[in-house]
Amino acid sequence: MALFGKKTRYTSVTVRKRDIPDGLWVKCPGCGEIVYRNALAEALQVCPKCQYHFPMSRAERIALLTEPASWSEWDAHLRSADPLEFTGATSYREKLEENIRTTGHPDAVSCGGARIGPHEVALGVMDFAFLGGSMGSVVGEKITRLIERATAERRPVVIVCASGGARMYEGMLSLMQMAKTSAACARHRDAGLPYIAVLTNPTTAGVMASFATLGDVIIAEPGALIGFAGPRVIRETTQQELPPGFQTAEFLLDHGLLDAVVHRRDLKTVLIRLLDYLAPAGAAVPAPAP
Amino acid sequence: MPSTYVLPFEKPIAELEQKLRELHRFSEEQDIDVSGEIRRIEEKIRELRRKIYSELTPWQQVQVARHPQRPYTRDYIGAMMREFVELHGDRRFGDDAAMVGGFATIGSHRVMVIGTQKGRDTKSNVRCHFGCALPEGYRKALRLMRLAARFGRPIVTLIDTPGAYPGIESEERHIAEAIAVNLREMFTLPVPIVVAVIGEGGSGGALGIGVGDRILILEHAYYSVISPEGCAAILWKDRAYADRAAAVLKLTAADLRRFGLVDEVVPEPEGGAHAAPAMAATLLAAAITRALDDLVRVPSAELLDARYRKFRQMGIWIEGAADAVPPGPRDADPAAGA
Ligand SMILES: [Zn+2]
């Protein structure tokens with residue numbers, strides 16, 4: 001619980017107006033309209049005009065998907081080290097400090113136990129705002145522990161993904177987190193347990209090429225950028241014009257990767273329904289209405 | 001096959017070799033015995049090569065790993081193994097020339113060998129995308145690995161790729177998913193897997209056939225989360241800083257050994273594998289055979305457990321105090337409440 005402070009209660013997704021700093025407007029990348037942040041927060045960070053899905057904070061995401069007060073955080077104490085003593089234009093240490101300061105979180109993923117409808121799940125929520133949601137040792141270890149604990153406690157896994165890939169600042173230690181998390185997925189799967197991956201904007205590269213695409217069911221939010229290589233790299237390598245909508249959720253639905261593209265307002269309902277079918281002790285089938 | 005492609009830092013060696021050739025010609029034409037001088041220069045070349053190759057910078061290592069005359073996967077299969085039966089296709093979409101596979105025999109072991117393959121000329125490089133595999137390449141690899149597992153054959157993978165192919169068709173056929181499934185499934189194959197990075201270990205495209213019980217890397221190969229050029233473009237907005245990027249990424253065989261990410265660094269002949277390909281193959285074959293000799297004796301359940309534990313312990317982090325919270329705002333978003 002430490003992460004969200006003492007007074008946090010996820011009683012409702014809607015937010016009281018007085019909690020929001022006034023006078024904040026954003027330009028919607030979807031339609032170019034100027035949107036009031038208040039309106040956005042009340043609409044689950046979805047543009048009221050064009051349905052563009054803005055990023056959600058971890059607290060908002062947890063509030064969106066889980067039952068009130070059902071979230072308990074796991075492994076919040078893990079901190080990134082600087083094993084390569086990485087220094088570029090700025091050092092990794094400085095980057096970490098800056099991202100911890102601006103996000104209020106120690107790294108790019110929060111993991112925990114929570115209830116989604118009647119289902120006790122293991123939930124991971126990635127945060128693009130923290131170093132592009134990149135996966136270094138801490139993200140890899142926390143995701144692995146999440147999946148391992150889910151296997152031990154026979155819980156379904158739900159991971160809300162948002163990541164630019166493996167974290168460059170930890171070099172090969174980051175790359176190996178792809179193998180480590182995938183190994184945990186293998187054991188969870190062998191135990192006959194379900195895993196639902198929710199891909200949000202953007203999910204790419206090393207995370208995409210590991211646990212993000214290993215879901216038994218893979219869902220994405222509308223318009224999310226999803227892919228392996230970046231569009232610029234592809235254009236430079238192949239000298240080809242990229243097709244319209246390339247690497248969007250809708251493109252990947254058409255090309256058969258995704259099970260569904262789901263609007264944020266329906267996400268929890270869809271997850272509950274899927275878990276009803278997938279969860280080990282699935283809820284009893286209710287009697288049909290007369 | 002003496003190397004004719006000269007890396008910038010190999011120039012002093014090439015100059016001496018040129019001098020040596022001239023001396024040979026002179027001696028033939030004039031019928032004068034200069035064998036003393038020839039021996040002296042040959043000794044000097046050996047000396048110089050030893051010195052240069054013992055002091056390679058990380059960026060120079062990368063250049064050696066990319067040397068166009070370095071032995072590639074097919075060269076190693078040809079030199080280390082016998083009775084190779086190549087198998088093609090993923091039974092889904094196509095056959096990827098950048099991913100080679102088939103049964104082969106090494107020492108006393110009948111194995112499945114799989115590896116990424118670079119081309120030697122424009123034509124072959126067009127076919128195999130300079131060693132960058134497509135989704136069907138990774139799926140072909142998995143098909144062959146499962147085939148090996150069904151019949152109890154150990155698997156040997158050889159890695160030499162700049163990375164998975166970054167193209168429209170790769171994305172349309174889900175390269176990320178193909179790699180991810182390989183990562184997961186390689187943890188379930190109940191036969192020994194020996195992985196050898198023989199040249200370039202380009203990020204996820206390399207790891208896609210890189211899960212195993214023994215991870216070997218050739219002395220001058222590299223293995224990196226991102227190419228030095230890509231890293232330089234991010235850090236200094238200029239690919240020309242690749243030399244600095246190569247140093248900060250800690251991508252050399254020695255670095256990887258230090259971080260516990262590879263089990264063994266396989267020595268290369270003096271002057272790199274391209275200077276003496278046959279010798280390089282002998283050294284690699286010995287390391288692979290040794291690993292197989294050990295691993296075939298391990299019961300499969302133990303093998304799978306050890307493989308899991310091996311990758312499970314990778315990573316370096318700090319176990320902070322149980323309820324330490326970082327400084328700064330608790331949460332920048334309104335839903336956290338006030
Ligand atoms: Zn909009």
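The values are calculated or read from the model by the stated rules, or taken from the named source; none is laboratory data. None of the values given here were measured: they were computed from a predicted structure. Backbone-built Cβ (ideal geometry, glycine too); neighbour counts: all protein chains shown. What goes into the accessible areas is simple: the full protein's heavy atoms, side chains included, and nothing from ligands, DNA or RNA. Shrake-Rupley method; radii C 1.70, N 1.55, O 1.52, S 1.80 Å.
Per-residue answers, yes or no, for (1) open to solvent by less than 20 Å² (accessible area, probe 1.4 Å); (2) assigned by TED's automatic domain parsing to the domain that holds A:Leu146; (3) of a type in the set (Gly, Ala, Ser):
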site: A:Leu193; (1), (2), (3): yes, yes, no
site: A:Val207; (1), (2), (3): yes, yes, no
site: A:Ala220; (1), (2), (3): yes, yes, yes
site: A:Thr237; (1), (2), (3): no, yes, no
site: A:Pro244; (1), (2), (3): no, yes, no
site: A:Gln247; (1), (2), (3): yes, yes, no
site: A:Leu253; (1), (2), (3): no, yes, no
site: A:His263; (1), (2), (3): no, yes, no
site: A:Pro288; (1), (2), (3): no, no, no
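Exactly one residue among A:Ala122, A:Ala43 is in contact with a Leu (Cβ under 6 Å, 6 or more places away or on another chain) and more than 10 Å from chain B (Cβ to nearest Cβ), and that residue is A:Ala122. Among the residues of the range B:272-307, those identified as open to solvent by 60 Å² or more (accessible area, probe 1.4 Å) and not in a helix (DSSP H, G or I) are B:Val296, B:Arg297, B:Pro299.
Tell me the residue from B:Arg258, B:Arg239, B:Arg297 that is in the same structural domain as B:Met186 (by TED's automatic domain parsing), over 23 Å from the mean Cα position of the chain (by Cα) and among the basic types (Lys, Arg), please. B:Arg297 is the lone residue from the list that is in the same structural domain as B:Met186 (by TED's automatic domain parsing), over 23 Å from the mean Cα position of the chain (by Cα) and among the basic types (Lys, Arg).
Going residue by residue through the range A:53-61, is there one that turns out to be open to solvent by less than 20 Å² (accessible area, probe 1.4 Å), outside any helix (DSSP H, G or I) and within 16 Å of the ligand (Cβ to nearest atom)? The answer is yes, given that some residue of the range A:53-61 is open to solvent by less than 20 Å² (accessible area, probe 1.4 Å), outside any helix (DSSP H, G or I) and within 16 Å of the ligand (Cβ to nearest atom). Scanning the range B:74-94 for residues that are in contact with an Asp or Glu (Cβ under 6 Å, 6 or more places away or on another chain) and open to solvent by less than 20 Å² (accessible area, probe 1.4 Å) returns B:Gly89, B:Asp90. Does A:Gly88 count as at pLDDT below 95, open to solvent by less than 20 Å² (accessible area, probe 1.4 Å) and within 26 Å of B:Arg258 (Cα to Cα)? In short, yes. Within the range A:62-80, restricting attention to residues that are aliphatic (A, V, I, L, M) and outside any helix (DSSP H, G or I), the residue that is farthest from the ligand (Cβ to nearest atom) is A:Leu78. The set of residues in the range A:116-144 that are over 21 Å from A:Leu267 (Cα atoms), out of contact with any Cys (no Cβ under 8 Å at 6 or more places or on another chain) and not small (Gly, Ala, Ser) comprises A:Phe130, A:Leu131, A:Met135, A:Val138, A:Val139, A:Glu141, A:Thr144. Of the strands (runs of 3 or more DSSP E) lying entirely inside the range B:181-230, those containing at least 1 residues that are open to solvent by less than 10 Å² (accessible area, probe 1.4 Å) and away from chain A (no Cβ under 11 Å) span B:193-202, B:214-218.
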